[in-house]
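All remarks here apply to the structure that follows.
The values are calculated or read from the model by the stated rules, or taken from the named source; none is laboratory data. Please read these numbers as outputs of a predicted model, since none were measured by experiment. Every residue, glycine among them, receives a Cβ derived from its backbone with ideal geometry; neighbour counts consider all protein chains shown. Each accessible area value is taken on the protein alone, full model and side chains, heavy atoms only, with ligands, DNA and RNA left out. Shrake-Rupley method; radii C 1.70, N 1.55, O 1.52, S 1.80 Å.
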Amino acid sequence: MALVSVICCTHNREAWVRSHFEGMRAHLGENIELVYALDNCTDGTRAALEPLVAGYPNVRVLDHRGERGLFNCRNFGMAQACAPFIHFLDDDDSVEPGFYAQACQALGAEPAASADLYLARLRITGDAGPGEEREVMPQHLRDQAVCKGTEWQLGGDLFGPILEGQLYFNGANALYSAALLRRYGYRSELKKSADWLFILEAALRQPLRVILNTQMVANYHVHAASMSIGPDKAFWNARVFELLLAMADEGPQWRRQIQERCALANFHAAYAQRRLDRGLSRSLYWRSFLLKPRLQPLLAIAKTWIG
């Protein structure tokens, strides 16, 4: 049985998927399964993949025909996965040699087998070429962790470090416990930021056990167009904090911090929407003021922006 299900969700990106499979081919002898979830594809992605994956019994190509969207597709792929750990490796991301061999060696035994998240180092790459490494677990968190060889084991209430981006990970460098994913899943009503809400919700509701393996490296590709937070992303970030605020009674020690972040997220979303939807912008500004009255001076300035 595979220890890791690698799920690649894609929509009409035939060239990227070809490159993704070529990068994964060297890893297919490891104890993994590879699932391509085609999100309502209408191009030649399936036709391109089928001859490439022929002869690999641990590779499946599946069609997601439900409502389109990354997180709906991830929920679909997750439901098809067989392994106890899931890695969402997007079609433009990659891993370094030995990534899955090291992961499977660790995940086959304790303590890694009972981890909620098994993390690798993360290298950010861009359209212009190689980028830089992003710190995943800073020194002050390592000081609280148990180090065994190349693994740093951290556990307990990790909501704060995840909220503040101190414990940093994304789909490229995180292997998630399938049980944790299925317990919380991705909120289909969120078109963006659902991955952030998923892990924040999990951290708010239960202690987490996280292990960082410093020998494993994943490459996360950032496109120039995604470098800034646009109006749409800002709106969905605000929705994340509204949903977290509704859950705050389950983590009451974090309620004040969540409320402050929710106020700021609504303020930023209002500013981003000021030229697109003035009615929505006003309501978001007002919501931010209700959550944090100290934002009143900024609210007065905001009125000059939206008229």
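P(r) for the chain, from all Cα pairs and a bin width of 20 Å, is 30, 56, 13, 0 %, short bins first. Estimated from helical segments only, the mean residue ellipticity of the chain at 222 nm is -13000 deg cm²/dmol, where each DSSP H run of four or more residues counts as -39500 (n - 2.57).
If I fit a long axis through the Cα atoms of helix 255-273 and take the longest principal axis of the Cα atoms of the chain, what angle between them do I get, 0 to 90°, rounded to 10? For helix 255-273, the angle is close to 80 degrees. Positive contributions from Lys and Arg (+1) and negative ones from Asp and Glu (-1), summed over other residues with Cβ under 9 Å from the Cβ of N213, come out at 0. Given axes a ≥ b ≥ c from the Cα gyration tensor, I'd like to know whether the stretch 73-132 is rounded (a/c under 1.5), prolate (a/b larger than b/c) or oblate. Oblate.
Expressed as a whole percent, the accessible area of the chain that falls on carbon and sulfur atoms is 52 (1.4 Å probe). Kindly identify the stretch 64-215 as rounded, prolate or oblate by the Cα gyration tensor criterion: order the square roots of the eigenvalues as a ≥ b ≥ c, call it rounded if a/c is under 1.5, otherwise compare a/b with b/c, prolate if a/b is larger, else oblate. Judged from the Cα gyration tensor, the stretch 64-215 comes out rounded (a/c under 1.5). Charges were assigned to the Cβ only: +1 to each Lys and Arg, -1 to each Asp and Glu. The resulting dipole of the stretch 1-101 about its Cα centre is roughly 240 debye. Dipole magnitude for the chain: about 1300 debye, using +1 per Lys or Arg Cβ and -1 per Asp or Glu Cβ, origin at the Cα centre. Calculate how steeply helix 70-80 sits against the longest principal axis of the alpha-carbon atoms of the chain, using the helix alpha-carbon long axis, and give the answer as 0 to 90 degrees to the nearest 10. The helix 70-80 is inclined about 40 degrees to the chain. Note: relative contact order over the stretch 33-152, using C-alpha pairs below 8 Å and six or more positions apart, is 16 percent.
Restricting attention to the chain, the count of lysine pairs at 8 or more positions apart or across chains with alpha carbons under 25 Å apart stands at 6. The Cys residues in the chain with no partner Cys Cβ within less than 4.7 Å of their Cβ are C8, C41, C82, C104, C147, C262. Here each label is just a point 7 Å from Cα along the line to Cβ, and for L62 and E133 those points are 3.5 nm apart. Between the amide H of R60 and those of L34, V35, Y36, distances stay under 5 Å, these residues lying 5 or more places away or on another chain, with hydrogens modeled in the peptide plane. Normalised per residue, the accessible area of the chain is 45 Å², obtained with a 1.4 Å probe and no contribution from ligands, DNA or RNA.
Compared with the dominant Cα axis of the chain, that is its longest principal axis, helix 14-25 is turned about 50°.
Please name whichever of A79, I199, S94 sits farthest to the positive end of the charge dipole of the chain, dipole taken about the Cα centre and charges placed at Cβ: Lys and Arg +1, Asp and Glu -1. My answer, from the dipole projection, is I199.
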